[in-house]
1. Look at region 307-323 and say how many of its residues are aliphatic (A, V, I, L, M) and either in a helix (DSSP H, G or I) or free of Cβ contacts under 8 Å to residues at least 12 places away in the same chain (or both).
2. Being touching a Lys or Arg at 6+ places or on another chain (Cβ under 8 Å) and near the ligand (Cβ under 8 Å from one of its atoms) narrows it down to one residue among 126, 121; which is it?
3. Looking only at region 91-136, count how many residues are part of a strand (DSSP E or B) and hydrophobic (A, V, I, L, M, F, W, C).
4. For residue 281, which of the numbered conditions (1) closer than 23 Å to residue 160 by Cβ; (2) surrounded by fewer than 18 Cβ atoms within 10 Å (Cβ to Cβ); (3) of a type in the set (A, V, I, L, M, F, W, C) fails to hold?
5. Residue 159 - would you say it is farther than 18 Å from residue 262 by Cβ, in a helix (DSSP H, G or I) and not acidic (Asp, Glu)?
6. So which of 175, 212 ends up being more than 16 Å from the ligand (Cβ to nearest atom) and either over 14 Å from residue 302 (Cα atoms) or at pLDDT 95 or above (or both)?
7. Among the numbered conditions (1) within 19 Å of residue 159 (Cα to Cα); (2) more than 15 Å from the ligand (Cβ to nearest atom); (3) hydroxyl-bearing (Ser, Thr, Tyr), tell me where residue 112 comes up short.
8. Taking into account only those residues within region 323-335 that are under 18 Å from residue 274 (Cα atoms) and at pLDDT 95 or above, which is most open to solvent (accessible area, probe 1.4 Å)?
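The values are calculated or read from the model by the stated rules, or taken from the named source; none is laboratory data. If you're wondering where the values come from, they're calculated on a predicted model, not measured in any experiment. Positions of Cβ are backbone-derived with ideal geometry, glycine not excepted, and every protein chain shown enters the neighbour counts. Remember, those area values only see protein heavy atoms, side chains included, never the ligands or the DNA or RNA. Shrake-Rupley method; radii C 1.70, N 1.55, O 1.52, S 1.80 Å.
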Amino acid sequence: MTNVLDFSYETRPVRVVFRPGAAVSATPGEAERLGLRRVLVVCGARGAQSARAVADALGPVCVGVHDRARMHVPVEVADVAVQAARAAGADGCVAVGGGSSVGLGKAIALRTGLPLIAVPSTYSGSEMTPVWGLTEHGVKRTGRDAKVLPRSVVYDPELTLSLPVPLSVTSGVNAIAHAVEALYAPDTSPLVALMAEEGVRALARALEAVAAEPTSLEARGRALYGAWLCGSCLGATIMGLHHQLCHVLGGTFGLPHAQTHTVVLPYVLAHNAPAAPEAAAAVARALDAADAPTALWELAGRLGAPRSLAELGLAEADLATAAAQTAGQAYANPRPVTADGVLSVLRAAYAGTPPTAR
Ligand code: NAD
């Protein structure tokens, strides 16, 4: 690596409002700025209460609440939501909830071109990306389209107070993973590197505080701030081995999204670190540690998160298939991706032993 600066960075038109209570106090104003008069609120069954509060705040501008979001956006679920938006004559959508709700809002935006406002309640970061995902016959397809990037994102730490600690921790490490891979992405840039390092620092500290005091609005705010930065990194760069591997483990083997990211991240970083020493050093600085993969593994342990794929229910017999599938696709990664390399990452992640460079 040379020290000569060479990068491109595209600023995307997203307006971000961040404040406690903003879901109710700011969403109507964001709809008005966009000139929306008939918005459909989308959410999952568990997030319906927050979504109804947003709907009430929107008053007559809200033409319905569609509470059928499901993990990984099954195509049938997207079809029904698109029909609901059309039947209601909606001119925009507001998605309230985690990555699944934002994902459903994006599916509506993709098909109809309706503008989307996101009000996230987890740290997934989807709200800051132009990436959509749809699952059909058990296979998840993803793509990039500027249409699905929310026009406005309303961050309200109060919405995240109800996020259980285990989910907060794994969702937070899922966000950290976006920043880690952005640091060594082929299209990284100085601004992305700043956001990534600060995002990891903010989230790692905040997660400890959230675990100690889940109702602390200050800790929740710091965590959501970190999630915004990490989500911005995800939206600005191409992800590598870590995200591909988690995609395979989730898509083909049904492993849970955020938990899988939490288990796998230290092992992929240990694997990639020799080929991406500056990225590993930035993560170590952010974690105030000598070795970034070990620090991530220890963080997960301290916060009571799962640390092995065995714990998540993966069968040892599936490791070779998962490795072959992950190595069988082409994508950028600092170290060339081989089935043997992925298998050694998977074996270590399966066992949950301390991560070491192999
Ligand atoms: P999720 O939205 O399914 O939420 C996980 C669980 O937490 C759900 O049961 C939900 O009801 C519950 N929940 C959410 N917010 C809550 C709150 N504040 N209090 C209590 N419970 C709450 O999952 P996620 O981890 O937020 O997102 C994962 C999904 O998002 C995956 O499908 C992933 O592929 C997608 N994703 C997409 C992108 C992108 O750029 N397209 C980025 C990140 C994630």
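1. Of region 307-323, the ones aliphatic (A, V, I, L, M) are 309-310, 312, 314-315, 317, 319-320, 322-323.
With either in a helix (DSSP H, G or I) or free of Cβ contacts under 8 Å to residues at least 12 places away in the same chain (or both) added as a condition, the list becomes 315, 317, 319-320, 322-323.
Summing the residues that are aliphatic (A, V, I, L, M) and either in a helix (DSSP H, G or I) or free of Cβ contacts under 8 Å to residues at least 12 places away in the same chain (or both) in region 307-323 gives 6.
2. Working: 121 fails: touching a Lys or Arg at 6+ places or on another chain (Cβ under 8 Å).
Exactly one residue qualifies, and that residue is 126.
3. Kept after step one, since they are part of a strand (DSSP E or B), are these residues of region 91-136: 92-97, 116-120, 131-136.
With the extra rule that they be hydrophobic (A, V, I, L, M, F, W, C), the set shrinks to 93-96, 116-119, 131-132, 134.
Final tally of qualifying residues: 11.
4. The failed condition is (1).
5. On the way: farther than 18 Å from residue 262 by Cβ: yes; in a helix (DSSP H, G or I): yes; not acidic (Asp, Glu): yes.
Here the answer is yes, as residue 159 does meet what is asked.
6. Working: 175 fails: more than 16 Å from the ligand (Cβ to nearest atom).
The match here is 212.
7. All conditions are met except number (1).
8. The first filter runs over region 323-335 and keeps only residues under 18 Å from residue 274 (Cα atoms), leaving 332-335.
Among the residues that remain, those that are also at pLDDT 95 or above are: 333-335.
Details: 333: 31, 334: 40, 335: 63 Å².
Among those residues, the one meeting the criterion is 335.
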